[in-house]
Amino acid sequence: MLIEVLATPRAEQQISGLTRRQAKAFDSFLSELAASGCQALAYRLSGLTPLDHVCVKHLAGALRVVVAFETPERAWVLLVGPHDDQDPP
């Protein structure tokens, strides 16, 4: 069963700015996400709904992807960018 994977407008903007190396890691992740769903992600955020439907994956270096599951068959890429402790907001 393949998972439908969609991206928010902000994620699309971030994806278009990835370097070649980052884009390769992201494309590989998308294939894995479509094929295996939640199992493709490293960890799920804790908390009440909707936080418990949000998962994170480390891709390359500091690059992270944040994904939310609308249903078990549909995932939304919310954000793609570097993890940065220097900018909490």
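The values are calculated or read from the model by the stated rules, or taken from the named source; none is laboratory data. Keep in mind the model is a prediction, meaning the values are calculated, not measured. We place every Cβ from the backbone using ideal geometry, glycine too, and count neighbours over all the protein chains shown.
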Problem set entry | Complete set of residues in the stretch 1-18 that are of a type in the set (S, T, N, Q) and without any contact (Cβ under 8 Å) to a residue 60 or more places away in the chain | 13, 16
Exercise. Is there any pair linking a residue in the stretch 59-78 that is on the phi > 0 side of the Ramachandran plot to one that is assigned to a strand (DSSP E or B), with Cβ under 8 Å and at least six apart or on different chains, and which?
Worked result: 61/82
Exercise. If you go through the stretch 36-52 one residue at a time, how many are more than 17 Å from residue 8 (Cβ to Cβ) and either loosely packed, with under 12 Cβ neighbours inside 10 Å or at pLDDT 85 or above (or both)?
Worked result: 7
For this session: Could you pull out the residue among 33, 2 that is surrounded by fewer than 12 Cβ atoms within 10 Å (Cβ to Cβ), in contact with a helix residue (DSSP H, G or I) (Cβ under 7 Å, 6 or more places away or on another chain) and at pLDDT below 90?
Result: 2
Exercise. For the subset of the stretch 53-75 comprising residues that are under 13 Å from residue 7 (Cβ atoms), surrounded by fewer than 19 Cβ atoms within 10 Å (Cβ to Cβ) and out of contact with any helix residue (DSSP H, G or I) (no Cβ under 6 Å at 6 or more places or on another chain), which member is modelled with the lowest pLDDT?
Worked result: 70
Exercise. Looking only at residues in the stretch 1-37 that are in a loop (DSSP other than H, G, I, E, B) and not aliphatic (A, V, I, L, M), which one is farthest from residue 58 (Cα to Cα)?
Worked result: 8
